[in-house]
Amino acid sequence: MNDAHLLHVTKLRRVLAHAFEHVPYYQDLGVVPPTTGAEILGTLESITPVNKLDIQSDWERFLSTTTAPDSLVIERTSGSTGIPMTCAKTLEERARIMLNTWRWRQAWSPTITGDTIASFHVERSLVVRPQEPGVRGIRDNVMFLSPFDLSDAAVDSLVDAMMYQGVQSIFAWTSVLERIAITLQNAPEKKSALKFQFIENLGEALSRSQRDDIERVLGCRIADHYGCREIYSIARECRGGGRLHVASDNAYVEIFNGDQKLRCGEEGEIVLTSLNQFAMPFIRYRLGDLGKINVDKCSCGNTNPTIEVSGARKSDYLIGPQRRVSVVFLNWQIGQLVRAGYDIVQFRVVQTAIDKFDATFAYRGEHRDQLAETFSRSLREQLGETVVVRCVFVDYLPPLPSGKSPSFVNKHSPT
Ligand SMILES: [Zn+2]
């Protein structure tokens with residue numbers, strides 16, 4: 001058993017013991033908390049995995065009774081599934097998870113903490129600088145940028161802002177990196193002015209050809225960071241071997257087919273247990289992505305298992321009459337509606353023409369007209385005033401014939 005694995009088991013035992021004592025959903029399972037490392041995996045395997053709908057329908061019972069509600073930071077996500085998920089962490093938990101991510105970034109780029117960084121960020125609470133549209137604010141050496149408007153002119157002004165600030169590193173989604181690369185490809189003088197040290201992909205799927213195209217233009221390798229809003233880091237790419245190693249400091253990863261746990265090398269649904277969260281522990285949580293775990297040796301020397309993800313959130317765009325917007329916007333906007341009190345269980349948006357969108361909500365709450373109007377207005381504001389959004393409300397939103405439940409489907413695909 002190596003040191004990384006021992007740390008893993010120690011953390012897992014602490015999380016399970018806390019959940020069985022202080023989190024009502026797990027208290028009610030009546031499981032005796034494990035006391036030894038040898039018992040821990042057996043105890044974990046006695047717990048039935050939960051999905052997003054299980055948690056959303058019983059949310060407060062997944063919160064620890066020992067955490068004061070006012071110390072919780074609430075975040076919302078829809079991931080790749082179109083099921084809004086509300087998660088809670090304390091600031092201390094967030095800091096603990098991020099510390100390990102910064103260590104990984106330093107392994108890629110030793111100077112990263114002193115670099116000027118362009119961090120693409122969905123939160124609007126940051127300062128908006130009206131003279132630089134899209135730039136949300138600057139804190140220390142980090143410039144926060146909006147990932148929403150990815151039209152040519154908007155990306156051009158983001159690139160200008162990065163040049164002005166002397167940005168050396170970028171944290172962004174594939175969709176954003178792709179648009180930056182296209183802009184720089186068409187502007188050789190800007191391309192030669194920007195020298196990147198580190199580029200992190202924040203979790204959208206990254207195909208081989210997308211990676212090759214972006215790396216060629218930006219002149220820097222992409223460090224892939226597979227994660228989710230629920231627990232942050234799941235796996236981080238190693239510089240030496242170019243593979244995604246499970247972030248054993250933060251996540252215990254299992255693969256399932258239905259209720260059946262699969263072995264290494266078999267592809268199935270990714271199921272996570274968080275190792276640093278006590279306020280709202282995620283234990284055997286079905287993320288909704290597909291992948292497989294490998295335990296063969298990686299040339300980098302890191303002995304943590306590696307993961308291949310095949311069904312993560314795809315990078316995509318909503319392209320309207322006036323603007324091109326990352327699909328990151330859509331998931332954020334649904335989160336805002338949930339925050340405003342609309343109890344959306346599931347959603348899917350289908351673009352059928354450049355100015356026509358069909359939105360289906362699994363929603364049983366009241367005020368449907370207001371929900372439809374608020375959502376439609378947000379798409380018109382982002383994509384153009386002529387956009388027409390047809391909203392439909394259902395009890396349940398079945399998967400597509402492919403078996404997948406994407407939150408956005410583009411049936412228009414303009415050239
Ligand atoms: Zn490796």
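We did not get these values from a lab; they are worked out from the coordinates using the rules stated. All values derive from a computational prediction rather than experimental measurement. Reconstructed Cβ throughout: ideal geometry from the backbone, glycine too, with neighbour counts over all protein chains shown.
Table for the structure above
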{"item": "Residue order, fewest to most beta carbons within 10 Å, for E385, E373", "result": "E385, E373"}
{"item": "Sequence of S57, S315 once ranked by neighbouring C-beta atoms within 10 Å, starting from the fewest", "result": "S57, S315"}
{"item": "Those Cys residues of the chain for which no other cysteine Cβ falls under 4.7 Å", "result": "C87, C220, C228, C264, C298, C391"}
{"item": "Amide N proximity, the range 338-360 versus E381 label position 7 Å along Cα-to-Cβ, cut-off under 18 Å", "result": "338-342"}
{"item": "Order of T360, T77, T65 - criterion: other Cβ atoms within 10 Å of each residue's Cβ, fewest first", "result": "T65, T360, T77"}
{"item": "Helical mean residue ellipticity (222 nm; -39500 (n - 2.57) per DSSP H run of 4+; nearest 500) of the chain", "result": "-9500 deg cm²/dmol"}
{"item": "Relative contact order (%) - the range 273-331, alpha-carbon pairs under 8 angstrom, separation at least six", "result": "22"}
{"item": "The chain: relative contact order in percent, alpha carbon pairs under 8 Å with at least 6 residues between", "result": "16"}
{"item": "Cα gyration tensor, the range 269-414 - rounded (a/c under 1.5), prolate or oblate", "result": "prolate"}
{"item": "Cross-link pairs K89/K261; K11/K404; K195/K297; K261/K292 - those with Cα-Cα distance over 22 Å", "result": "K89/K261; K11/K404; K195/K297"}
{"item": "Amide H partners (placed H, <5 Å) of V142, local residues excluded", "result": "I117"}
{"item": "Cα shape, the range 1-125, gyration tensor, a/c 1.5 rule", "result": "oblate"}
{"item": "Cα→Cβ-extended label distance, 7 Å offset, between D259 and E308, nm", "result": "3.0"}
{"item": "Relative contact order (%) - criterion: Cα under 8 Å, at least six apart; region: the range 317-410", "result": "35"}
{"item": "Shape of the chain, Cα gyration tensor, a/c cut at 1.5", "result": "oblate"}
{"item": "Dipole magnitude of the chain about its Cα centre (Cβ charges: Lys, Arg +1; Asp, Glu -1), debye to nearest 20", "result": "560"}
{"item": "Those lysines that a straight Cα-Cα span of less than 22 Å connects to K411, excepting residues fewer than 8 apart in one chain", "result": "K314, K356"}
{"item": "Which of A193, G384, N51, positive extreme of dipole for the chain (C-beta unit charges)", "result": "A193"}
